[in-house]
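Report on the following structure.
Every number here is computed from the coordinates shown, using simple stated rules; none is lab data. As the structure is a prediction and not an experimental result, all values here were calculated from the model. Cβ coordinates were reconstructed from backbone atoms using ideal geometry, including for glycine residues, and neighbour counts include every protein chain displayed.
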Amino acid sequence: MKNKIFVAGNIIVDRLYPIAGYPERGQLTTILDGIGQSVGGAVCNVGIDLKKLMPDTEICALGLVGEDEGGDFALSVMSGAGVNVSHVKREGATAFTAVMSDVNTRERTFFTYCGANAVFSEDSFSWDEVDADILHVAYILLLAALDAEDGEYGTKLARLLCHAKERGIRTSVDVVSETGERFSRLVPPALRYTDLCVINEIEAGRTVGMELRGEDGSLLTDRIKPCLRALFDLGVGEWAVIHCPEGGFGMDKAGNFAACGQIPTPPGYIKGKVGAGDAFCAGVLAAAHRGMSLADAVRLGNAAATVSLNAPGATEAMKTAEECLAAADLFGEGTLPEIPD
């Protein structure tokens, strides 16, 4: 097994603006002191988390950034965390998100410019570069060139994933959450060539046409296993895993089920929730790379997500896999909702 994972897709610079309050349409608000920036997107978040979880594994970024200050910043942050950025090409303008953070309500609003991410495709790299155990690509629905229609495979991303599998590379995907009908059109083609599918409950439900939350927001636990089975019906090859605030739930191709409830944390522990989904995904990928069982993968994903909550940013709090599991053991087992068949 090659001790290497590639993370491909969205590379984003988040520009953070604290505001006095969100204005009504056509009105003005004040941007306050404390403007900052950080990296975001799957390549940055999952890549850095994976490197922290497994310092002895080579983690490679694959994507596009611009010949601009944002590109310099993203590459600097990733390389500073130990991620190999030599495969990232520079083209166009770096994608960014303007994050408006209301200092009173703590609510955030996001305005995204897709930039170079929109043109990232299979033509952006050579397969001779991608010599790895796992190729993780994210996010479906936010990579325009890969979301484009393909007459043979359904989407260009499905074609890319098929070519990866033909080279003996295990494939993994994640999806961005959005409303609309694009889930049922763009995600299933990719799942036919996906070994490891790690997505949240909203994304999973919209992919298979099965809402996992009721009108009151409660998790519809009786739909978890049917939803996981439906993901396998769409073509997932090894593991289908769903994460949500209540915990993590996984199934393997043989139908074996594993679950882990939300891990309790001490008062004041949670500093921010941005990046928890990417942290969960990184934990599952780390477990898959290490040959761990599905049950241990769900547990590590849950532990990594919990550890990520201890800092305002997406990756700052992440620790090694062993330290994440030790933290989970210290906090104790969460309450796991009953999951009927």
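Roughly how many debye, to the nearest 20, is the charge dipole of the range 2-50 about its Cα centre, given +1 on each Lys and Arg Cβ, -1 on each Asp and Glu Cβ, and no other charges?
It comes to approximately 300 debye.
Annotation: average projected area of the range 127-207 is 5.1 square nanometres, based on the convex hull of Cα atoms across all directions.
Report the Stokes-Einstein translational diffusion coefficient (µm² s⁻¹, integer) for the range 67-156, Rh taken as the Kirkwood radius over Cα pairs, at 20 °C with viscosity 1.002 mPa s. Rounded to a whole number, D works out at 138 µm²/s. All Cα-Cα distances of the range 234-307, cut into 10 Å bins from zero to the largest, leave 21, 52, 22, 5, 0 percent in each bin in turn. Here the range 104-118 is scanned for amide nitrogen atoms under 20 Å from the site 7 Å beyond the Cα of ILE31 along Cα-to-Cβ, giving 104-115. Out of GLY70, ILE199, GLY283, whose Cα points farthest toward the positive end of the dipole of the chain (charges: +1 Lys, Arg; -1 Asp, Glu; placed on Cβ)? It is GLY283, whose Cα lies furthest towards the positive end.
With contacts taken as Cα pairs under 8 Å at a separation of at least 6 residues, the chain carries a relative contact order of 15 percent. So what's the net charge close to ASP133: Lys and Arg +1, Asp and Glu -1, counting the other residues with Cβ under 9 Å from its Cβ? Cβ neighbours under 9 Å give a net charge of +3. Taking a straight Cα-Cα cut-off under 25 Å and skipping sequence neighbours fewer than 8 places away in the same chain, the lysines within cross-link reach of LYS225 are LYS253.
With 0.36 nm allotted per residue and the present C-alpha distance subtracted, the ARG106-ILE270 stretch has 57.7 nm of extension available.
For chymotrypsin sites (Phe, Trp or Tyr not before Pro), the sites in the range 85-138 that DSSP calls loop and that have at most 15 other Cβ atoms within 10 Å are TRP127. Shown in residue order for the range 18-27 are the 3J(HN,Hα) couplings computed by the Karplus curve 6.51 cos²θ - 1.76 cosθ + 1.60 at θ = phi - 60°: x, 10, 5, x, 7, x, 5, 3, x, 9 Hz (x for Gly and Pro).
In the chain, the DSSP beta bridges split such that about 45 percent are antiparallel, to the nearest 5. When only alpha carbons of the range 1-84 are considered, Rg and Dmax amount to 16.5, 58 Å.
Cross-link pairs exceeding 23 Å between alpha carbons, from the set LYS89/LYS271; LYS52/LYS273; LYS4/LYS89; LYS271/LYS319: LYS89/LYS271. Residues in the range 220-236 carry Karplus couplings, in order, of 8, 5, 5, 9, 4, 5, x, 5, 4, 5, 5, 5, 5, 4, 7, x, 4 Hz; the curve used is 6.51 cos²θ - 1.76 cosθ + 1.60 with θ = phi - 60°, and Gly or Pro positions show x.
The simple Förster model, with R0 at 56 Å and r as the Cβ-Cβ distance, assigns LEU220 and GLU67 a FRET efficiency of 0.70. The H on the amide N of LEU142, modeled in the peptide plane, is under 5 Å from the matching H of VAL176, each at least 5 residues off or on a different chain.
Using Cβ point charges alone (K and R +1, D and E -1), the dipole size of the chain about the Cα centre works out to roughly 140 debye.
The HN-Hα couplings worked out from phi for the range 165-174 by the Karplus form 6.51 cos²θ - 1.76 cosθ + 1.60 (θ = phi - 60°) are 5, 4, 9, x, 9, 6, 10, 9, 9, 9 Hz, whole numbers, x standing for Gly and Pro. Net charge dipole, the range 198-341: roughly 240 debye, given to the nearest 20, about the Cα centre with Cβ charges of +1 for Lys and Arg and -1 for Asp and Glu.
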